[in-house]
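Read through the structure below, which is laid out as structure tokens, and then see the notes.
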Amino acid sequence: MAGEKITDARFRADACEAPNNQQQAESFAGNLKYGLTGVFFGIVFVKAEIVSWFRIQEMFRLDSFHMYGVIGTAVATAAISVYLIKIFRIRTFSGEEVVFPRKTFHRGHVYGSLLFGLGWALTGACPGPLFAQIGAGFHAVLVTLLSAVAGTWLYGYFRGKLPH
Amino acid sequence: MIQFLSQPWPWYVAGVLIGLTVPALLLLGNKVFGLSSSLRHICAACFPAGIPFFRYDWKRESWNLFFVGGILIGGIIATTTLASQSPVLIEESTRNALEQLGVRDFSGLMPSDLFGTSSVLTLKGFFFLVLGGLLVGFGTRYAGGCTSGHSISGLANLQWPSLIATICFMIGGFAGTWILLPLIFKTV
């Protein structure tokens with residue numbers, strides 16, 4: 001809300017939750033490499049059918065191991081990678097120290113997550129897969145995406161009044 | 001090669017590749033993997049409306065928009081060049097349950113009777129596209145992240161708020177599937 005003053009670092013307005021911690025600025029060409037990573041990621045999403053509404057239904061009906069296998073393996077792979085980066089103090093390609101942001105608990109982690117879960121069951125998608133579903137030819141999902149942008153905007157608007 | 005890649009990929013291949021995105025983004029340029037932030041950057045870039053939450057240097061975070069743009073292109077490639085000839089295999093029990101609820105189409109990645117363009121202006125479209133989208137957008141931002149930011153990046157970095165978020169995603173998903181879906185199908 002206009003005029004709100006939040007100094008608490010937990011939900012400061014400028015604290016991006018998936019931040020760019022690189023000190024050096026990215027050029028347009030530099031950003032293209034994230035675009036390429038995204039292309040690769042989108043292919044994985046569709047080829048492993050993670051963006052399939054049916055796969056999400058199977059997961060929530062406990063009828064298939066597929067999604068649990070994907071998420072479990074992804075977490076394990078990412079956790080081992082993060083651990084290796086930490087103990088070997090591996091630096092980024094441009095030589096900077098890797099930054100691992102810490103998260104501080106607030107009640108939104110419960111309320112917001114429950115709401116997102118409901119939406120996940122309805123749409124069969126998290127924010128990332130929405131883009132892949134559109135690319136895969138489900139053009140009506142553009143409505144879902146715009147609606148998700150609207151939902152994000154509404155959160156921003158009412159943020160000062162929501163319990164955190 | 002193309003033929004090999006065209007088959008649906010098993011979960012362990014997908015899981016490893018998705019997991020590797022976390023170190024890839026960190027090492028490419030100190031970027032934290034999280035996709036729902038793209039929605040916030042779109043708000044900040046297009047409709048900031050003087051709201052403090054959207055007043056930040058979104059251009060600095062624009063790598064995230066390149067990333068989701070790439071995902072869309074990846075979706076196109078996966079369904080054209082690398083298109084699979086076989087339909088999505090659905091577990092019999094899930095299929096039966098969905099048939100009983102009223103889902104009709106089981107031929108693609110998503111049921112076209114719910115997510116086809118013809119449903120946009122219907123009551124079904126309102127629930128599955130509009131309401132679903134609102135919950136995804138509002139919920140993820142309120143939660144400070146989604147499956148990628150919390151369940152993958154956050155858990156991999158041993159952040160306990162991310163564990164709570166992940167548990168609540170699942171509770172919400174189970175409630176959505178077992179309580180909300182039947183109610184919606186009764187209405188539409």
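The values are calculated or read from the model by the stated rules, or taken from the named source; none is laboratory data. All of these numbers come straight from a predicted model, not from anything done at the bench. Here Cβ is always computed from backbone atoms with ideal geometry, including for glycine, and neighbour counts include all displayed protein chains. For accessibility, only protein heavy atoms count, side chains too; no ligands or nucleic acids. Shrake-Rupley method; radii C 1.70, N 1.55, O 1.52, S 1.80 Å.
Remarks
- At the residue level, A:Glu58 shows approximately 0 square angstrom of accessible surface with a 1.4 angstrom probe and all protein chains present.
- For chain A, the relative contact order comes to 30 percent (Cα pairs under 8 Å, sequence separation of at least 6).
- Residues of the range B:133-147 buried by at least 50 Å² on assembly (accessible area, 1.4 Å probe, chain alone as reference): B:Leu134, B:Leu135, B:Val136, B:Phe138, B:Arg141, B:Tyr142, B:Thr147
- When B:Phe4, A:Phe105, A:Phe54, A:Phe93 are compared by accessible area of protein heavy atoms, the largest-first order is A:Phe93, B:Phe4, A:Phe105, A:Phe54, using a 1.4 Å probe.
- The heavy atoms of B:Trp11 present about 90 square angstrom of accessible area, all protein chains included, probe 1.4 Å.
- Computed over protein heavy atoms with a 1.4 Å probe, the accessible surface of the range B:120-188 works out to 36 Å² per residue.
- Under the membrane-span-like helix rule (DSSP H runs whose alpha carbons stretch at least 30 Å along the helix axis, mean Kyte-Doolittle hydropathy 1.0 or higher), chain A yields A:66-87.
- Per-residue accessible area (protein heavy atoms, 1.4 Å probe) orders A:His139, A:His164 as A:His139, A:His164, starting from the largest.
- Å² per residue, accessible surface of the range B:1-85 at 1.4 Å: 41
- Taking each DSSP H run with n ≥ 4 as -39500 (n - 2.57) and averaging over every residue of chain B yields -16000 deg cm²/dmol at 222 nm.
- Summing both sides, the accessible surface hidden between B and A at a 1.4 Å probe radius is close to 11400 Å².
- Of the accessible area of the range B:1-85, computed with a 1.4 Å probe over protein heavy atoms only, carbon and sulfur atoms account for 70 percent.
- In the range B:64-131, the trypsin sites (Lys or Arg not before Pro) that fall in loop regions by DSSP, at most 13 other Cβ within 10 Å: B:Arg104
- Principal semi-axes of the equivalent ellipsoid, √(5λ) from the alpha carbon gyration tensor of the range B:42-132, are 34, 21, 11 Å from largest down.
- Once backbone amide H atoms are built at 1.01 Å from N, A:Arg91 has no partners under 5 Å, excluding neighbours fewer than 5 places away on the same chain.
- Choice from B:Phe126, B:Phe53, B:Phe67 with maximal GNM fluctuation in chain B (Cα, 10 Å cutoff): B:Phe53
- Accessible area of the range A:31-158 belonging to carbon and sulfur atoms, whole % at 1.4 Å probe: 70
- Protein heavy-atom accessible surface, 1.4 Å probe, per residue over chain A: 42 Å².
- Ligands, DNA and RNA aside, A:Lys86 has an accessible area near 90 Å² when probed at 1.4 Å.
- Carbon + sulfur, % of accessible area of the range B:120-188 - ligands and nucleic acids excluded, 1.4 Å: 82
- Per-residue ellipticity at 222 nm from helix content only, as computed over chain A with -39500 (n - 2.57) for each DSSP H run of at least four residues, stands at -18500 deg cm²/dmol.
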